[in-house]
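The values are calculated or read from the model by the stated rules, or taken from the named source; none is laboratory data. Here the structure is a predicted model, which is why all the values come from computation and not from measurement. No Cβ is skipped: glycine too gets one built from the backbone with ideal geometry, and neighbour counts run over all protein chains shown.
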Amino acid sequence: MNKEEFKKTALGGLINNPVFVLVLGMCPTIAKSDNIINALSLGLCTAFVLIFSNVIISLLRKAIPDKVHLPAYIVIIASLVTLVQMFVSSFLPDLNDSIGAFISLITVNCIILGRAEAFAGKNKVLPSLIDGVSMGLGFIAAITLLGAVRQLLTIIFGSGFFDKTMGGFIVLGLVMAVFNAIFASVKEKQRKKTVLIEREVA
Amino acid sequence: MIMDYFLAIISIVISGILTNNVVLNQSIGMCPFLGVSKKTQSAIGMGLAVTFVITVASCVCWIIYTFILDPLSIGYLSTVAFILVIASLVQLLDIALKKMSPTLYSSLGVYLALITTNCAVLGTANSVISQGLDFFQTLITGLAIGIGFTVALILMAGIREKQELYDVPKPFRGFPIALVTAGIMAMAFYGFSGLSFT
């Protein structure tokens, strides 16, 4: 793995942010970003499953026959989720009350199966680990940002809108639009730069 | 006694379709809701496919949990068992649709396989088990949630078909405007939460 590849993989969580760019794993992102604690803890659980599923799947990528690779991936992910579920329900009962239902739904979070299919099933262990960490951090950052914005808005405007599902939809839409605008302006700047350089060369 | 049971069934139906709509009130099952809601025709097909999978999957999961996992006290394996049931059901549906309706099959595309990872299916199976419903109630819950999902999907598709004609600000094009639309729809559906049959 050379430096260029490492950089590309490690920045994957930012450039290909699972929530804002790939638009994967929307259900937990909207449902459990109602306050910052729920958001951060669900983000951590998801990142844990993502990192370990990436590592295990890339270790087993030669042993899993191609025809049954999807069921095999799902079973690996589901077993990891069961581990997290057991841990949370026995050590963190309060957290289990607030995000318990969504921990079992990590199994069907598209980010995890998506990374397994697109990356871990084709790459060696170390790149898969880096990809998992980067994507996991990207997801934690996105969901925690949303949680923070929604909690702030709830404090300002009172509860009843921004801590409900409808507020989640609207805040995510607005934040996504802001990100789109930022990405577009960055791209525009880069384009102008290359045009200037081309002119100078000419 | 029978009256109580009947009322419980009615409240399951109302809550599944309106007051506790799976997409707009619980934000479960967002991927197909945002992905397949561009055309009304494929939205209807997707809604029916998901309704079928949710209903059959929650019934099969209920049977497996009640007669296998619970007696052997290995309830903690439920996530693994349920996801296997759902994945095989979707595979079956895939084969059946390919044979019976190739046009619908091609319009659903990759989202058909993605029903496996639709949170609404696993979420319903889990919630049915955790509420301790009986078999008939499970069947009705599955149907009601599926219909609620279909209603939300078709409404959304209708709105997005109209939206194509309007000049949306550039950063909002695509998913952001769809999310804001969904938020406004969710507000409307939140109005139903005053309905109560218990």
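Overview of values
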read-out	value
Wholly enclosed helices (runs of 4 or more DSSP H) of region B:100-142 bearing at least 3 residues modelled with pLDDT of 80 or more, within 17 Å of the chain's Cα centre (by Cα) and over 14 Å from B:Gly47 (Cα atoms)	B:119-131
Unmet criterion (only one of (1) within 25 Å of B:Cys31 (Cα to Cα); (2) among the polar types (S, T, N, Q); (3) at pLDDT 85 or above) for A:Ser90	(1)
Residue that is surrounded by the fewest Cβ atoms within 10 Å (Cβ to Cβ) [pool: residues in region B:22-44 that are part of a helix (DSSP H, G or I) and within 13 Å of chain A (Cβ to nearest Cβ)]	B:Gly35
Among residues of region A:145-181, those that are over 23 Å from B:Phe189 (Cα atoms) and of a type in the set (Lys, Arg), counted	0
Boolean, A:Ala101 is small (Gly, Ala, Ser), facing chain B (nearest Cβ under 9 Å) and either surrounded by fewer than 24 Cβ atoms within 10 Å (Cβ to Cβ) or touching a Pro at 6+ places or on another chain (Cβ under 6 Å) (or both)	yes
Considering residues of region B:161-198 that are small (Gly, Ala, Ser) and out of contact with any helix residue (DSSP H, G or I) (no Cβ under 6 Å at 6 or more places or on another chain) only, the residue farthest from B:Val22 (Cα to Cα)	B:Gly174
Some residue of region A:46-62 being under 19 Å from the mean Cα position of the chain (by Cα) and under 23 Å from A:Phe162 (Cβ atoms)	yes
Filter result (among the β-branched types (Val, Ile, Thr), assigned to a helix (DSSP H, G or I) and more than 10 Å from chain B (Cβ to nearest Cβ)) within region A:23-75	A:Ile36, A:Ile37, A:Thr46, A:Val49, A:Ile51, A:Val55, A:Ile56, A:Ile57, A:Val68
All positions within region B:74-100 that are in contact (Cβ under 8 Å) with a residue 40 or more places away in the chain and of a type in the set (Gly, Ala, Ser)	B:Ser78
Leading residue by the ranking (nearest to the other protein chains (Cβ to nearest Cβ)) among those in region B:171-198 that are surrounded by 14 or more Cβ atoms within 10 Å (Cβ to Cβ) and over 21 Å from A:Cys27 (Cα atoms)	B:Pro171
Counted residues, region A:135-149 - those being over 9 Å from the mean Cα position of the chain (by Cα) and farther than 14 Å from A:Pro28 by Cβ	3
Complete set of residues in region A:104-138 that are within 14 Å of another protein chain (Cβ to nearest Cβ) and among the acidic types (Asp, Glu)	A:Glu117
Which numbered condition B:Val168 misses (of (1) within 14 Å of chain A (Cβ to nearest Cβ); (2) part of a helix (DSSP H, G or I))	(2)
Counted residues, region B:36-90 - those being under 19 Å from B:Thr117 (Cβ atoms) and not aromatic (Phe, Trp, Tyr)	31
Residue list for region A:48-95, filter: of a type in the set (A, V, I, L, M, F, W, C), buried (at least 22 other Cβ atoms within 10 Å of the Cβ) and farther than 25 Å from B:Ser88 by Cβ	A:Ile51
Checklist (1) surrounded by 16 or more Cβ atoms within 10 Å (Cβ to Cβ); (2) away from chain A (no Cβ under 14 Å); (3) under 22 Å from B:Ile129 (Cβ atoms); (4) of a type in the set (A, V, I, L, M, F, W, C) applied to B:Leu97, failing item	(3)
Check on A:Leu14, surrounded by fewer than 22 Cβ atoms within 10 Å (Cβ to Cβ) and within 11 Å of the chain's Cα centre (by Cα)	yes
Filter result for B:Thr79 (out of contact with any Pro (no Cβ under 6 Å at 6 or more places or on another chain) and either assigned to a loop (DSSP other than H, G, I, E, B) or under 30 Å from B:Arg160 (Cα atoms) (or both))	no
Any hit, region B:156-170, residues being β-branched (Val, Ile, Thr), crowded, with 17+ Cβ neighbours inside 10 Å, over 19 Å from the mean Cα position of the chain (by Cα) and at pLDDT 85 or above	no
Condition broken by B:Gly47, with the remaining ones in (1) surrounded by fewer than 18 Cβ atoms within 10 Å (Cβ to Cβ); (2) part of a helix (DSSP H, G or I) satisfied	(1)
Residues within region A:168-202 that are within 18 Å of A:Lys32 (Cα to Cα) and either of a type in the set (D, E, K, R) or touching a residue at least 24 places away in the same chain (Cβ under 8 Å) (or both), tallied	6
